[in-house]
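Note sheet for the following structure.
The values are calculated or read from the model by the stated rules, or taken from the named source; none is laboratory data. Bear in mind the structure is a predicted one, so any value in this text is a computation, not a measurement. Cβ placement follows ideal geometry from the backbone for every residue including glycine, while neighbour counts extend to all protein chains displayed. Ligands, DNA and RNA are stripped out before the accessible areas are found, and what is left, the full protein with its side chains, is counted by its heavy atoms. Shrake-Rupley method; radii C 1.70, N 1.55, O 1.52, S 1.80 Å.
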Amino acid sequence: MQQILRQFRFAGSVECCEPYGNGHVNRTYHVVCSGGAEYILQRINRVAFQEPVELMENIDAVTRFMAAQHGPLQALRFIETVDGGILAVDGEGEYWRAYDFVGSGVCLESPRSTGDFYEAAIAFGRFQMALSDFPAASLHETIPHFHDTCDRIRQLRVSVAADPLGRVDGVQPEIAFVLSREQELGELCRQLSAGELPLRVTHNDTKLNNVLFDERTGKAKCVLDLDTVMPGLSAYDFGDAVRFGASTAAEDEKDLSKVEIDLAMYEAFLRGYLDACGDVLTRREIEVLPLGAKIMTAEVGMRFLKDYIDGDIYFSIHRPGHNLDRARTQLKLVADMERKWDEMQHILREVAGARL
């Protein structure tokens, strides 16, 4: 560890370096230096992120761009290494990075109120707003085809055909649910290819717990975890946030009667997102935001379903059938969105107003 610590230009000598947080991907430490300066030190998981240099180039580019805007949202600031880079390499060839410790705040696993979800939407909307002029195509696609729903369906078909563990017969209703919606689920991909939707810088992991809230005011301070920043669509970020935060049940709820979309939460996020970045989104981008929620939910559901068929080799499980429970929860949420589709569209028209 000392070999790594010596490679960064910390303000003062390191007095303490201890494991920090409960993340499951990167190994994270809290560093405290003489004089009180605090930092986060991370070893990048090479299994999850096979191109750490490209990943860091993406994050460095967007955070520098955001910092130059002097907006209300804090941006991460990486600490340079002694040779002027932003990555250090240890004796085992592992990559490390360090950045300023953001400070006190709270992350939420689920919204305590529509106000919390509105503030989260403000944060992700400001993120989109700050990067609206950034050349998204210049970013690396660090996880190829991450939100290419058409390719996700192709991958599901491959797994169904292979059926390595003989699980396909038991999930025929779930497979049929996805494939019967194949045309609609590929709609965003087709509109992007046709130039009907602009390519944007997207966060791609817009869960509520990736927003740091001020404990005193309840306002969003910072958007966290930029490891999946890539080119994409605004509907991806909006949709994944609604999928996660506007569901009335946990992502792996076994009792599907509990799974619905909370329209009050949906409206709160929509209102916050448009308040923050509606002025830079095109009319077509705004029109497809509800579709983004449906497609992202279905996409995550089919990923869980594929992994169950494959033998649970990608997502960690904590019980037999865990990924199947997750898949069924997501697909039930899609079904509830379809049941409430007219209401979702009415809310969009009411909230977007003159923007449509």
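Compute the accessible area per residue over segment 97-176, keeping the other protein chains in place, probe 1.4 Å, unit Å².
Dividing the accessible area of segment 97-176 by its residue count gives 47 Å².
Is the shape of segment 218-322 rounded, prolate or oblate, going by the alpha carbon gyration tensor and its root eigenvalues a ≥ b ≥ c, with a/c under 1.5 for rounded and a/b larger than b/c for prolate?
Prolate shape, in that a/c is at least 1.5 and a/b is the bigger ratio.
Please work out the FRET efficiency for the pair Phe65 and Tyr20, using the Cβ-Cβ distance as r and a Förster radius of 35 Å; give the result to the nearest 0.05.
0.85
Based on the Cβ-Cβ distance from Glu94 to Glu184, what FRET efficiency comes out when R0 is 51 Å, to the nearest 0.05?
E between Glu94 and Glu184, to the nearest 0.05, is 0.75.
Be a star and scan segment 326-341 for residues whose amide nitrogen sits under 11 Å from the point 7 Å along the Cα-to-Cβ vector of Asp255.
none
Kindly provide the GluC sites (Glu not before Pro) of segment 116-224 that DSSP labels as loop, not H, G, I, E or B, and whose Cβ sees at most 12 other Cβ atoms within 10 Å.
The qualifying sites are Glu215.
Pick the calculated log10 I(q)/I(0) by the Debye sum over Cα atoms at q = 0.08, 0.11, 0.12, 0.14 Å⁻¹ for this structure from (i) -0.36, -0.68, -0.81, -1.10; (ii) -0.41, -0.78, -0.93, -1.23; (iii) -0.50, -0.84, -0.95, -1.13?
This structure yields the entry labelled (ii).
Taking the Cβ-Cβ separation of Glu141 and Ala176 as r and a Förster radius of 41 Å, what is the calculated FRET efficiency to the nearest 0.05? If you can, show how the numbers build up before the last one.
Details: r = 31 Å, r/R0 = 0.76.
For R0 = 41 Å, the calculated efficiency reads 0.85.
Roughly what angle does helix 341-352 make with the longest principal axis of the chain, taking Cα atoms, 0 to 90 degrees, to the nearest 10?
50 degrees
Quick one: which of Lys207/Lys258; Lys207/Lys254; Lys207/Lys340; Lys306/Lys332; Lys258/Lys340; Lys306/Lys340 span more than 18 angstrom between C-alpha atoms?
Lys207/Lys258; Lys207/Lys254; Lys207/Lys340; Lys306/Lys340
Which part of segment 309-347 falls in the paramagnetic zone of Gln155, meaning amide N under 19 Å from the point 7 Å along Cα-to-beta-carbon?
The answer is 309-317, 322-331.
Return one number: the angle in degrees, 0 to 90 and rounded to the nearest 10, between the long axis of the Cα atoms of helix 263-277 and the longest principal axis of the Cα atoms of the chain.
On a 0 to 90 degree scale, this one is about 50.
Please compute the modelled spin-label separation between Arg77 and Cys107, points set 7 Å along Cα→Cβ, answer in nm with one decimal.
2.2 nm
For the chain, what does the relative contact order come out to in percent, with C-alpha contacts under 8 Å and a separation of six or more?
18 percent
Give the distance, in whole Å, between the Cα centre of segment 224-278 and the Cα centre of segment 122-164.
About 16 Å separates the Cα centre of segment 224-278 from the one of segment 122-164.
Which net charge results when you count Lys and Arg as +1 and Asp and Glu as -1 among the other residues whose beta-carbon is under 10 Å from that of Thr202? It would help to have the intermediate numbers written out before the result.
On the way: positive: Arg200; negative: Asp205, Asp237, Asp240.
For residues surrounding Thr202, the net value is -2.
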